[in-house]
Amino acid sequence: MAKQIRRVAVLGAGVMGSGIAAHLANAGIDSLLYDIVPPDARDSDDPKARNAFALKGIETAVKIKPAAFMRKSDAKRITPCNYDDHADLLKTCDWVVEVVVERLDIKNKVFDWVEANAAPDAVISSNTSGIPLAEMAAQMSEGLRKRFLITHFFNPVRYMRLLELVAGPDTDPEIVARVADFGERKLGKGIVYGKDTPNFVANRIGTFGIGATFQRMVEHGATVPEVDAVFGPAMGRPKSAVFRTADLVGIDTLAHVFGNVLTGAPNDERLDAFEVPAFVQKLIDAGAVGAKAGAGFYKKEGRNILALDLETGEYGPSEKVRYPSLGAAKKAGSPGKAVKAVCAGDDKAAKLAWDVTADTLIYSANRIPEIADDVVNIDRGMRWGFGWDLGPFETWDALGVRESVERMQSEGRTVPQWVLDMLEAGRESFYVRDDSGSMTFWQHGGGAAKVPTSDRWFFISDAKANGSEIERNASASLHDMGDGVLLLEFHSKMNALDNLINDMANKGMDMLDEGRFDALVVGNQDPKAFCAGANILAIVMAAAQQQWDQIDGQVNDLQQLLQRFKYSDKPVVTAPHGLALGGGCEVAMQSAATVASGELYMGLVEVGVGLIPAGGGCKELLSRYLGDIPAGVDYDPIPFISSIFTHVGMAQVTSSAEEARQWGYLRPTDKVVLDIDARLQVAKQTARGLADGGYQAPRQRKFKLPGKSGLAAVELVLYGMKEGGYASEHDAKIGAKLGHVLTGGDIPAGTWRTEQDILDLEREVFLSLCGEPLTQARIQHMLTTGKPLRN
């Protein structure tokens with residue numbers, strides 16, 4: 001059995017090093033964070049002074065935004081160290097990762113120190129982004145070279161899934177396998193295997209795409225805002241697109257990465273794309289290198305974001321960009337269809353999109369096998385490292401390979417021969433499912449191979465290809481996961497709850513009751529949301545027509561469904577990820593167990609549209625805060641209720657699954673999985689384990705609540721907020737109604753209330769707020785703008 005990685009040394013306490021240490025802490029791994037002794041502390045006996053750089057790194061990781069830690073208290077897992085005083089501790093570490101400045105001479109000194117002090121079987125790696133492995137390994141002993149590889153994390157480490165691994169000719173394959181397993185299983189990283197070439201995989205393709213964009217935008221006369229409008233969500237890219245990304249990364253950093261290719265890949269057929277354009281060099285010379293300098297391609301003045309005019313060098317208002325092709329992308333329905341819609345257009349945006357896309361596809365195909373062995377590693381690199389919805393070859397498939405190749409050739413472009421060979425062989429796309437339902441990819445040398453996967457992963461698309469889908473409607477599906485476990489998948493817009501989901505969920509529960517399945521998992525693989533709440537359009541339409549019985553019936557149906565989930569004789573396991581808001585939070589909470597993704601943004605946010613939680617959210621939080629207090633123990637419920645009121649009344653959303661656990665949205669026993677592709681498989685195993693272990697449903701609980709006296713305390717706080725200008729009259733009304741539910745209603749202090757009592761109060765207050773014109777205005781505003789209204 002391979003040695004486990006239980007403790008890690010991170011050498012270098014800068015932003016990247018401290019970010020790696022923070023993410024190790026997120027995964028429950030202790031680390032030693034090393035840096036040099038500050039020059040002014042070399043004669044000091046004070047440990048804090050001598051560890052100042054490492055301590056500063058930890059402090060930065062605690063304060064940085066977006067948050068590096070899933071919970072700040074995990075910073076205690078990082079021990080600050082320095083090279084002089086703590087060399088003896090290095091031998092306690094199973095993995096040593098170097099993250100020092102990008103200078104070979106300094107790295108060589110660090111590796112000499114590592115070889116003298118590390119355990120003889122420890123993994124040694126570098127996080128370099130630009131220095132070749134061969135140059136670093138040249139001065140190492142043979143024994144160290146066997147344990148050495150590049151582990152290239154992307155920043156910010158917590159949020160960027162990509163981890164590129166580059167092995168040398170002497171690297172022991174077992175070492176590579178050990179790091180890959182640890183990175184995937186413990187850190188939740190997506191592993192891409194690269195070659196010892198400049199910028200490895202993702203940065204090589206990504207920076208080429210930026211360079212090609214610089215070239216083509218000049219040809220097409222496109223502005224900075226136009227480029228970002230084209231190469232943002234319309235083309236399946238992040239909102240930061242090209243120029244906002246450059247500002248965030250640092251324009252000087254981008255130029256440095258360009259330089260890596262210019263100096264390290266002299267035979268690259270597209271070196272011209274890596275030449276820094278004059279307009280970029282002008283910004284660098286002026287010190288306007290992006291967000292860290294306060295100006296780059298964009299500049300913020302007050303509340304306004306100004307864009308750079310590349311012709312005049314002046315900043316001006318960022319204009320609205322509208323083109324028919326971009327409008328078509330919004331209506332396309334999927335990333336692949338959106339890309340095809342844009343590139344098929346005939347306007348300025350479409351022509352720019354096609355030219356850059358064609359350049360990038362051909363360049364990517366020419367990089368195999370130079371930077372990676374296959375299309376899978378390149379596609380994964382761009383999805384996991386640059387946030388693209390589709391990698392280059394997935395994009396090519398979406399465009400239609402034969403159709404796009406013919407267009408490229410008609411325009412005089414040279415398409416790589418291996419792509420032409422694939423078409424000649426009768427294969428029309430890079431990715432095809434074989435007769436067994438497995439996804440295959442076309443290899444550079446010819447022939448198909450199965451896409452590498454893991455037995456820890458579960459993909460609904462793969463299961464569906466093998467006939468897993470039992471029943472489907474427009475909003476939800478039921479799948480047979482195998483081993484007696486049923487899956488309920490939401491697929492409405494943003495997976496919002498509606499009557500169709502409710503119907504399918506009840507059918508799934510009927511299948512459990514009939515003995516067809518032993519357990520149910522509730523989850524999906526939407527890239528953004530487990531469930532963003534209820535369908536508020538249906539609510540506001542019914543309210544406008546005063547169909548109060550219809551609203552009451554729908555809310556009651558949801559309440560009873562989720563009670564059925566929680567109190568079923570067979571286990572229901574929920575698997576939330578991404579957004580789990582409002583009704584989505586209520587679904588996730590009311591289960592036998594929850595298996596959550598580490599990146600979980602969870603909260604009962606109904607007050608943002610003038611309502612309160614009514615699917616059992618208030619009831620469930622009272623159950624979690626008060627339900628476990630032993631019988632006979634006298635307690636004051638008000639502090640517990642105040643905490644619930646703060647989270648719900650302020651529509652607070654967690655920043656991670658661990659924060660959801662702290663707030664009571666997850667139980668202490670619920671699981672958090674950092675590898676998002678493993679989440680459904682772990683949920684299935686959890687459900688199967690509960691069923692095999694003789695699962696018994698919990699008993700319903702009662703709560704001792706303060707009634708009127710407790711509500712008076714809530715109203716006093718609301719009065720202060722209103723008088724201070726922090727809450728409107730309507731905010732205070734909503735808060736008071738929420739307080740009415742949480743304190744148990746119109747009852748004497750110390751009255752015991754049942755779960756159904758609280759559910760009835762939730763429904764009563766929800767209905768009353770639906771009738772408020774100001775609440776209806778809030779819902780309408782959210783539907784039209786996507787933003788909350790304060791009225």
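The values are calculated or read from the model by the stated rules, or taken from the named source; none is laboratory data. Because the structure is a prediction, the values reported are computed rather than measured. Glycine gets a Cβ as well: all are built from the backbone with ideal geometry, and neighbour counts include every protein chain shown. Areas reflect the complete protein model, heavy atoms only, side chains present, ligands, DNA and RNA absent. Shrake-Rupley method; radii C 1.70, N 1.55, O 1.52, S 1.80 Å.
Residue-by-condition table, conditions (1) in a strand (DSSP E or B); (2) within 20 Å of Asp94 (Cα to Cα); (3) open to solvent by less than 10 Å² (accessible area, probe 1.4 Å):
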{"site": "Ala9", "(1), (2), (3)": "yes, yes, yes"}
{"site": "Ala21", "(1), (2), (3)": "no, yes, yes"}
{"site": "Gly28", "(1), (2), (3)": "no, yes, no"}
{"site": "Ser31", "(1), (2), (3)": "yes, yes, yes"}
{"site": "Asp40", "(1), (2), (3)": "no, no, no"}
{"site": "Asp43", "(1), (2), (3)": "no, no, no"}
{"site": "Ala49", "(1), (2), (3)": "no, no, no"}
{"site": "Ala61", "(1), (2), (3)": "no, no, yes"}
{"site": "Ala67", "(1), (2), (3)": "no, no, no"}
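Hey, any hits in segment 493-500 for a residue that's in a loop (DSSP other than H, G, I, E, B), surrounded by fewer than 20 Cβ atoms within 10 Å (Cβ to Cβ) and aliphatic (A, V, I, L, M)?
No, that holds for no residue.
To keep it simple, each residue is scored yes or no on (1) open to solvent by 30 Å² or more (accessible area, probe 1.4 Å); (2) in contact with an Asp or Glu (Cβ under 7 Å, 6 or more places away or on another chain); (3) closer than 30 Å to Asn26 by Cα.
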residue	(1), (2), (3)
Leu690	yes, no, yes
Pro698	yes, no, no
Phe703	no, no, no
Tyr719	yes, no, no
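Taking segment 91-127 on its own, how many of its residues are of a type in the set (Phe, Trp, Tyr) and either outside any helix (DSSP H, G or I) or surrounded by 21 or more Cβ atoms within 10 Å (Cβ to Cβ) (or both)?
Qualifying residue count for the region: 2.
Kindly provide the set of residues from segment 628-641 that are in contact (Cβ under 8 Å) with a residue 12 or more places away in the chain and either open to solvent by less than 60 Å² (accessible area, probe 1.4 Å) or in contact with a strand residue (DSSP E or B) (Cβ under 8 Å, 6 or more places away or on another chain) (or both), ordered by number.
Selection gives Tyr635, Pro637, Ile638, Ile641.
Only strands (runs of 3 or more DSSP E) wholly contained in segment 572-622 count here; list those with 1 or more residues that are out of contact with any His (no Cβ under 8 Å at 6 or more places or on another chain) and on the phi > 0 side of the Ramachandran plot.
In segment 572-622, 578-581 are the strands (runs of 3 or more DSSP E) which contain 1 or more residues that are out of contact with any His (no Cβ under 8 Å at 6 or more places or on another chain) and on the phi > 0 side of the Ramachandran plot.
Given the condition in contact (Cβ under 8 Å) with a residue 24 or more places away in the chain, in a loop (DSSP other than H, G, I, E, B), of a type outside the set (Phe, Trp, Tyr) and open to solvent by 10 Å² or more (accessible area, probe 1.4 Å), answer yes or no: does some residue in segment 656-663 qualify?
Within segment 656-663, none of the residues are in contact (Cβ under 8 Å) with a residue 24 or more places away in the chain, in a loop (DSSP other than H, G, I, E, B), of a type outside the set (Phe, Trp, Tyr) and open to solvent by 10 Å² or more (accessible area, probe 1.4 Å).
For segment 415-442, enumerate the residues that are among the small types (Gly, Ala, Ser) and open to solvent by less than 30 Å² (accessible area, probe 1.4 Å).
If the condition is that a residue be among the small types (Gly, Ala, Ser) and open to solvent by less than 30 Å² (accessible area, probe 1.4 Å), then Ser429, Gly437 are the ones that fit.
Does segment 672-724 hold any residues that are under 23 Å from the mean Cα position of the chain (by Cα), part of a loop (DSSP other than H, G, I, E, B) and among the aliphatic types (A, V, I, L, M), and which are they?
Leu674
Search segment 329-342 for residues that are open to solvent by less than 40 Å² (accessible area, probe 1.4 Å) and pair each with any residue that is assigned to a loop (DSSP other than H, G, I, E, B) when their beta-carbon atoms are under 7 Å apart and the residues are at least 6 apart or on different chains.
Taking only residues 6 or more apart or on different chains, the pairs are Gly336/Leu390; Ala338/Gly236; Ala338/Ala332; Val339/Gly236; Val339/Leu390; Ala341/Ala332.
For Val595, all conditions in the list (1) touching a Phe, Trp or Tyr at 6+ places or on another chain (Cβ under 6 Å); (2) open to solvent by less than 10 Å² (accessible area, probe 1.4 Å) hold save one; what is the number of the exception?
(1)
Could you check, for segment 557-577, whether at least one of its residues is among the polar types (S, T, N, Q), open to solvent by 20 Å² or more (accessible area, probe 1.4 Å), out of contact with any helix residue (DSSP H, G or I) (no Cβ under 7 Å at 6 or more places or on another chain) and farther than 30 Å from Tyr159 by Cβ?
Yes, some residue in segment 557-577 is among the polar types (S, T, N, Q), open to solvent by 20 Å² or more (accessible area, probe 1.4 Å), out of contact with any helix residue (DSSP H, G or I) (no Cβ under 7 Å at 6 or more places or on another chain) and farther than 30 Å from Tyr159 by Cβ.
How about segment 289-307: which of its residues are open to solvent by less than 50 Å² (accessible area, probe 1.4 Å) and in contact with a Ser or Thr (Cβ under 9 Å, 6 or more places away or on another chain)?
Scanning segment 289-307 gives Val289, Gly290, Tyr298, Leu306, Ala307.
Among (1) within 29 Å of the chain's Cα centre (by Cα); (2) more than 21 Å from Gly19 (Cα to Cα); (3) among the hydrophobic types (A, V, I, L, M, F, W, C), which single condition is Met136 missing?
Status for Met136: all satisfied but (1).
Can you list the helices (runs of 4 or more DSSP H) lying wholly within segment 348-413 that have 1 or more residues being at pLDDT 95 or above and aromatic (Phe, Trp, Tyr)?
Once the helices (runs of 4 or more DSSP H) in segment 348-413 are filtered for at least 1 residues that are at pLDDT 95 or above and aromatic (Phe, Trp, Tyr), what remains is 348-366, 375-386, 392-399.
Within segment 241-255, can you find the residues that are over 24 Å from the mean Cα position of the chain (by Cα) and either hydroxyl-bearing (Ser, Thr, Tyr) or at pLDDT below 95 (or both)?
Thr253
If I go through segment 414-454 residue by residue, how many of them are under 27 Å from Gln525 (Cβ atoms) and either hydroxyl-bearing (Ser, Thr, Tyr) or touching a residue at least 60 places away in the same chain (Cβ under 8 Å) (or both)?
Adding up the residues that qualify gives 13.
Please specify each residue of segment 206-227 satisfying the condition of being closer than 22 Å to Glu275 by Cβ and either among the basic types (Lys, Arg) or in contact with a strand residue (DSSP E or B) (Cβ under 9 Å, 6 or more places away or on another chain) (or both).
Answer for segment 206-227, where residues must be closer than 22 Å to Glu275 by Cβ and either among the basic types (Lys, Arg) or in contact with a strand residue (DSSP E or B) (Cβ under 9 Å, 6 or more places away or on another chain) (or both): Arg216, Thr223, Val224.
Say we look at segment 62-102 and pick out the residues that are touching a residue at least 12 places away in the same chain (Cβ under 8 Å) and small (Gly, Ala, Ser); which of these is nearest to Pro39 (Cα to Cα)?
Filtering segment 62-102 for residues that are touching a residue at least 12 places away in the same chain (Cβ under 8 Å) and small (Gly, Ala, Ser), the one nearest to Pro39 (Cα to Cα) comes out as Ala87.
How about segment 608-627: which of its residues are surrounded by fewer than 24 Cβ atoms within 10 Å (Cβ to Cβ) and within 22 Å of Met782 (Cα to Cα)?
Within segment 608-627, Gly608 is the sole residue that qualifies.
Only one of (1) open to solvent by 10 Å² or more (accessible area, probe 1.4 Å); (2) in contact with a Leu (Cβ under 9 Å, 6 or more places away or on another chain); (3) over 28 Å from Ser125 (Cα atoms) fails for Gly236. Which number is that?
Of the numbered conditions (1) open to solvent by 10 Å² or more (accessible area, probe 1.4 Å); (2) in contact with a Leu (Cβ under 9 Å, 6 or more places away or on another chain); (3) over 28 Å from Ser125 (Cα atoms), the odd one out for Gly236 is (1).
Cβ-Cβ distance below 8 Å, separation of 6 or more or different chains: which pairs start in segment 510-523 with a residue that is open to solvent by 60 Å² or more (accessible area, probe 1.4 Å) and end on one that is hydrophobic (A, V, I, L, M, F, W, C)?
From segment 510-523, the pairs are Arg516/Leu486.
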